Amino acid sequence: MNAAQVVESLKQRFPNEPEYIQAVSQVLPTIEEEYNKHPEFEKANLIERLCIPDRLVEFRVTWTDDKGNIQTNMGYRIQHNNAIGPYKGGIRFHKSVNLGILKFLAFEQTFKNSLTTLPMGGAKGGSDFSPRGKSDAEVMRFCQAFMNELYRHIGPDEDVPAGDIGVGGREVGYMFGQYKKLTHQFQGVLTGKGIQFGGSLIRPEATGYGTVYFLNSMLETRGIELAGKKVLISGAGNVAQYAAEKCLQLGAIPMTMSDSDGYIYDPEGIDRAKLDYIMELKNVERGRIKEYVEEYPSAKYVAGERPWHEKGDIALPCATQNEINAEQAQALVDNGVIAVAEGANMPTLPDAIKIFQDAKILYSPGKASNAGGVSVSGLEMSQNSERLSWTAEEVDNYLKRIMNDIHENCVKYGTEADGYINYVKGANVAGFIKVAKAMMAQGIV
């Protein structure tokens, strides 16, 4: 395989999907050496089969708003690869959603799910519908209309969606209710469900907690303690909130949080009481992060920016894709950041990743460090299959073990000659090998 040639071929075939091309171009060069050790892969054209999704489902979603007006959105499900298990990946409701972004996320999800060691393939889905500013009744009607089409393509042994940006417990609940009505079956077909109807304890916390567990393992490779470190966090949603919570539990000090309008920086640190305020603001009141400075005037709010020019020891991008560019990465390095662990999906642009790696700081891609969320989704699937509910302690112990196993695989495949751990290469190769061998064993299908 020549990675550059494969990427160029995909560019020509899919010219209007830059995010998808970005994902492929970041992965293929890191697995090229390992791929070429297996001539049987090339004979079976495995790389092209791995890059192109198994199936694209695209449909119209028509729903009625509170004023009686008929609204139309697009719905998608990208079933990328099911070589190692049922398709698994989140559903995203956001105005930015399009086919290219979802293909990019589904490609990444395939490798991430492989890394967890759980039997899950890769998928992603969503709609350009945004719940922001909508009433509960409007969100419910949209979710029901979305599921009216999606239900034909999912199932506990076929495809098990979860939540993502814009899709939390409320949206999952509405979709599950409609799936149940349409199929007359109570199945573990969605994860992130309420505890009362098949959900797993620790699932809301899992992505944020897992990111910090992975960060801690990274720091341990250099004999560094997390306690006392100042942490720059982007986002103020589920992932960011629980990453901040776990940082506090382990003695670190969150300094920033953000939303799409801007970020807050608290020079005194965000303690437990302040984090509780943010959780109430974002989860219950559905307010904006700028309101934080009205409650805590010693903090500052910076509109239209992200927190990567502030001083800190660690950066946890937990908001969305492509949120750290080269200039911001250089600012983080210049300000002495020693580690970056991604809580979001691909938040760091390729030239920014190069800056982190050239500076030899600890840097982990999201497919490794944010795999805690899908890991506990996999554990929720197991509990649903067994008709059991595990304790929070049991699930958390599984989560810690999985994140530790992912870290060990990254070290195994990513340690370079000078001892620097290239977590990008390690994660990509470890995820790729498992999927590739499964695909080869199952023939040309």
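The values are calculated or read from the model by the stated rules, or taken from the named source; none is laboratory data. Just so it is clear, the structure is predicted and the values come from calculations on it, not from any experiment. Methodologically, a virtual Cβ is constructed for each residue, glycine included, from the backbone with ideal geometry; neighbour enumeration extends over all protein chains shown. To get the accessible areas, we keep the full protein, side chains included, count just its heavy atoms, and leave off ligands, DNA and RNA. Shrake-Rupley method; radii C 1.70, N 1.55, O 1.52, S 1.80 Å.
Data overview
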item: Positions within region 351-367 being over 15 Å from I314 (Cβ atoms) and in contact with a helix residue (DSSP H, G or I) (Cβ under 6 Å, 6 or more places away or on another chain), in sequence order; result: D351, A352, I355, P365, K367
item: Residues within region 410-427 that are of a type in the set (S, T, N, Q) and either at pLDDT below 95 or in a loop (DSSP other than H, G, I, E, B) (or both), tallied; result: 1
item: Cβ pairs under 6 Å, 6+ apart, first in region 289-304 and under 7 Å from G262 (Cβ atoms), second in a helix (DSSP H, G or I); result: Y301/K290; Y301/V293
item: Subset tally (residues that are outside any loop (DSSP other than H, G, I, E, B) and open to solvent by 10 Å² or more (accessible area, probe 1.4 Å)) for region 380-409; result: 19
item: Residues (open to solvent by less than 30 Å² (accessible area, probe 1.4 Å) and at pLDDT 95 or above) located in region 116-129; result: M120, G121, G122, A123, K124, G125, G126, S127, F129
item: Selection status of I361, without any contact (Cβ under 8 Å) to a residue 40 or more places away in the chain, open to solvent by less than 50 Å² (accessible area, probe 1.4 Å) and more than 20 Å from L226 (Cα to Cα); result: no
item: Segments classed as strands (runs of 3 or more DSSP E), wholly inside region 295-356, with at least 1 members that are open to solvent by 50 Å² or more (accessible area, probe 1.4 Å); result: 300-303
item: Residue check for V97: touching a strand residue (DSSP E or B) at 6+ places or on another chain (Cβ under 6 Å), open to solvent by less than 50 Å² (accessible area, probe 1.4 Å) and assigned to a loop (DSSP other than H, G, I, E, B); result: yes
item: Criterion (touching a Pro at 6+ places or on another chain (Cβ under 9 Å) and modelled with pLDDT of 95 or more) met by exactly one of E225, E171; result: E171
item: Scan of region 39-51 for residues that are open to solvent by 40 Å² or more (accessible area, probe 1.4 Å) and either over 30 Å from L150 (Cα atoms) or not in a helix (DSSP H, G or I) (or both), ordered by number; result: P39, E40, E42, K43, N45
item: Scan of region 100-145 for residues that are over 19 Å from Y179 (Cα atoms), assigned to a helix (DSSP H, G or I), touching a residue at least 40 places away in the same chain (Cβ under 8 Å) and aliphatic (A, V, I, L, M), ordered by number; result: I101, L105, A106, L115
